[in-house]
Amino acid sequence: MIKRFFSYYKPVKKIFITDMACAFVLAVCDLFYPMITRNIINIYVPNQQLNLMITWLAILGFIYLLKVGLNYYVMYYGHVMGVTIQANMRRSMFEHLQDLPFVFFDENKTGTLSSRIVNDLMEVSELAHHGPEDLFISLVMLIGSFIALSTINLPLTLIVFSIVPFLVFFAMKLRLRMENTYMETRVTIGEVNATIENSISGIRVSKAFSNKEREIKKFEKNNNKFQLARRKAYKVMAEFHVGTSFVMDLLNILVLSAGGIFFFNGYINFGDFTAFILYIGNFLNPIRKLINFVEQYQSGISGFKRYIEIMDTDIESDELGAKDIFEVKGAIKFDNVTFSYDSHKEILKNISFGIKAGETVAFVGPSGGGKTTLCHLIPRFYETEEGNIYIDGINIKEFTRKSLRKNIGIVQQDVFLFTGTIADNIQCGKFDATMDEIIEAAKMANIHDYVMSLPDGYNTYVGERGVKLSGGQKQRISIARVFLKNPPILILDEATSALDNATELMIQNSLDKLSKGRTTIVVAHRLSTIKNADKIIVITDNGIQEKGRHEELMEQNGIYAKLYNSQFKI
C-alpha cells in the first residue's frame, strides 16, 4: 500500500525532491545553533575572541535568513504538492466512477461517495505533504542530534536515547487502535453526508408531508454515530498524546539529573552541558513531529484505504476484440435471457423475442415484471446471467459499450437535468453540437417556443436537477437531447406516465416524431399511448405471456385486454 501511495508523487517528483532537500537543509541548520552556542561559551568568551564570536553570530544570522526562504518553500510548495496530489487522485477517482457499472451505484449512497472524493482525500493530501517531510526531518534531527551529542559526551547521550525505544513501543501499541477508530470515523462521516444529501434533495417531499421531525431523527441517528466514533478516536488520541508527553517530560528530568551528576563529577563542562540541553530541544522537536506523524498517518492512510477500495472496484470493460458498431439498422433479438439483481430472485428468466428494424414494440404488464430491467440490458447497463442479446444479428458483447450506447437513445419517466443552462442540458445528446443544431432539436421536441419566452433563452439556468422547470418542460428537454443524438434505436421508459393529459398529448406528439424511422421500445402503463405499436408484448413475473397487435390482444381477452379495459372503465 505504501508503494502504491508513493506512486502518486510521480507527477510532482521535482517539487517533492526540492521540498525534501529544503527540509534536510532546515534540519541541518537547526543542528548548528547548539554547537555554535557551545563554542561561544567554552572558547570565544573565556578566551575573549570577539572577532570569532561576531563571525559565528553573523553566520548564525545568515543561517536564520536561509531558514526563512527554506521554510517559505516548504510551507507554500509543500502544500501545493499536497493539493496537486489530491487533485490528481480526485480526478482519477471521478474518472473511475464514470466507468463503474450500474450495480455499484445501486449499492453505494451518493453522499457516501461524495465524502470519499472530498473529505477522505483532504486528509490524504495533508499526509502526502507533511508525512514524508516530518518523517525525514525527524530522522535527520534524531541522527544529527545523536552524532552531535556523542561528540560531546557519549555515555550521557546513550542514557538520553535509551528512552526512545519506550516511545516507539508505546506508539506501535496504539497504532492499530488509532487505525480502527479513524476508519470508523471515515465511515460515519460518509453516512452523515449521505443523510444530508438525501434529506436536502427530498426537502420538498419532506415539507409536503410535514416530515421535519422524522428527517431530524434520521439525521440525529447518524450524527450520534459520528459523535461516538469521534469520541473513540479522541480517546485513543488523548491516550497517545498524554503517554508520549509524559515520556518526554521524563526525558527532561533524565537529562537534567544525569547531566547535573556528570557536571558535578567533572565529566562535562558548563558549555557542553548547555549545548546538551539545547540539543535535547532539537531532540524533542523531531519526537513531537513523529508523534504528529503517527496520528496524521492513521488519518490519511484510512482515507487512502477507502480511496483504493473504489479504485480497485472492477470497471465496465469491453470484451477482448470488441469493435465499434456502425450503420445500425436496429433489429434486436433476445435469446433465452435470464437476469437477477441478486441470487434471491430472478427478474427475467429465459426471455426470447425479436424486433425488426424500424418497428415499434411496446412492453406492458404489472410493476415488477422486469420491463425497465429489460430495457437496461440492451445498452449493457447490466449484464445478462444467461442468454444473449443481438443487434442486427451480432451479439452486443462484440461491440464496445461506448459505440453501443451512442446508437441508443433513452427517454425515461424520471428525467435528470444537470445544474447548468437549458442549452447545456440539451447538448448532453451531442457535445460537439452547434447552437443551430440545439435549437433545431428543441423545435422538434416542442420546447423552443417556451425557451424563447424566457429572459435568458437557452442560457436560462434550470436549477439543481431542473427544479425551476415543470415536469413536462424537463421531459421535452430530455426528448430534445435524443433528437440531437439521433440514434437508430430508441427506448421510451414510461416517458409520459407522470404527466397530466394535456402535457402528455403534447409530448406524445414529440415522441411520435422522435420514433419515426427508428426501432422503438416503449414501456408504458397508459395503454392508450401504445395502441398503434407494431407489436405489444405482455410481460409478468412469469415471463412473456402474450404477444401481438392491439386488436389481436383485445380479441384474446387475456391479460392485456383486462389491463386495457380496467383503464377505460367508466
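Each Lys and Arg Cβ is given +1 and each Asp and Glu Cβ -1; about its Cα centre, the chain then shows a dipole of about 740 debye.
Averaging the sequence gap over all C-alpha pairs within less than 8 Å and six or more residues apart, then dividing by the number of residues, gives segment 63-129 a relative contact order of 58 percent. Distance between the 7 Å Cα→Cβ label points at Tyr390 and Asn223: 5.9 nm. For Cα pairs less than 8 Å apart in space and 6+ apart in sequence, what is the mean separation divided by the residue count of segment 267-377, i.e. the relative contact order in percent? The normalised contact order for segment 267-377 reaches 15 percent.
Packing around the peptides 131-137, 93-99, taken as the average count of other Cβ atoms within 10 Å per residue, puts them in this order, highest first: 131-137, 93-99.
If R0 equals 41 Å, the separation of the Cβ atoms of His79 and Val467 corresponds to a calculated FRET efficiency of about 0.65. Report the one residue of Phe102, Gly271, Ala238 whose Cα lies farthest in the direction of the positive end of the charge dipole of the chain (charges on C-beta: Lys and Arg +1, Asp and Glu -1; origin at the Cα centre). So the residue we want is Gly271. Counting only aspartates and glutamates at least 8 places from Lys14 when in the same chain, those with an alpha carbon closer than 20 Å to its own are Glu126, Glu133, Asp134. Look at the dipole of segment 328-436 built from charges on Cβ: of Leu374, Leu348, Asn407, the Cα furthest out on the positive end belongs to Asn407.
Between Arg91 and Asn532, the simple spin-label model (points 7 angstrom out along Cα→Cβ) gives 5.1 nm. Summing charges over neighbours of Phe136, with a neighbour being any other residue whose Cβ is under 11 Å away from its Cβ, gives -2 when K and R count +1 and D and E count -1.
Accessible surface ranking for Ser453, Ser299, Ser92, 1.4 angstrom probe, highest first: Ser453, Ser92, Ser299. Only one of the values (1) 1.43; (2) 1.11; (3) 0.95 was calculated from this structure for Cα Rg over 2.2 N^0.38 Å; name its label. Matching the structure shown: (1).
For Lys109 and Phe161, compute 0.36 nm times the residue count separating them, minus their Cα-Cα distance, and round to one decimal in nm. Please list the in-between numbers first.
Numbers: separation 52, 0.36 × 52 = 18.72 nm, distance 5.04 nm.
Separation in residues times 0.36 nm, less the Cα-Cα distance, equals 13.7 nm.
Got the relative contact order for the chain handy, in percent, Cα pairs under 8 Å and 6 or more residues apart?
Answer for the chain is 14 percent.
Treating r as the C-beta distance of Gln567 and Glu239 and R0 as 56 Å, the FRET efficiency rounds to 0.25. Pairing the Cα long axis of helix 270-311 with the longest principal axis of the chain, what angle in degrees results, from 0 to 90 and rounded to the nearest 10? The helix 270-311 is inclined about 10 degrees to the chain.
Would you tally the net charge around Thr460, using a Cβ to Cβ cut-off of less than 12 Å, leaving Thr460 out, and scoring K and R as +1, D and E as -1? Net charge around Thr460: -1. Provide the FRET efficiency to the nearest 0.05 for the Ala357-Met452 pair, computing r from the beta carbons and using R0 = 45 Å. Once rounded, the FRET efficiency stands at 0.80. Of all DSSP beta bridges confined to the chain, the antiparallel ones make up roughly 50%.
If each DSSP helix of 4+ residues adds -39,500 (n - 2.57) and the sum is divided by the residues in the chain, what number results at 222 nm, nearest 500 deg cm²/dmol?
Values: 20 runs with 352 residues, N = 570.
About -21000 deg cm²/dmol.
Highest-first packing order for the peptide set 317-327, 366-376 is 366-376, 317-327, based on the mean count of other beta carbon atoms within 10 Å. Rounded to the nearest 10 degrees, the angle from helix 471-485 to the longest Cα principal axis of the chain is 90 degrees. Mind checking the angle between helix 501-515 and the chain's longest principal axis? C-alpha axes, 0 to 90 degrees, to the nearest 10. Rounded to the nearest ten degrees, it is 90. Between Asp432 and Asp512, residue separation times 0.36 nm minus the direct Cα-Cα distance comes to 26.2 nm.
The values are calculated or read from the model by the stated rules, or taken from the named source; none is laboratory data. Treat the numbers as computed from the prediction; the structure is a model and nothing was measured. Methodologically, a virtual Cβ is constructed for each residue, glycine included, from the backbone with ideal geometry; neighbour enumeration extends over all protein chains shown. Accessible surface is based on the protein model in full, side chains and every heavy atom, while ligands, DNA and RNA are left aside. Shrake-Rupley method; radii C 1.70, N 1.55, O 1.52, S 1.80 Å.
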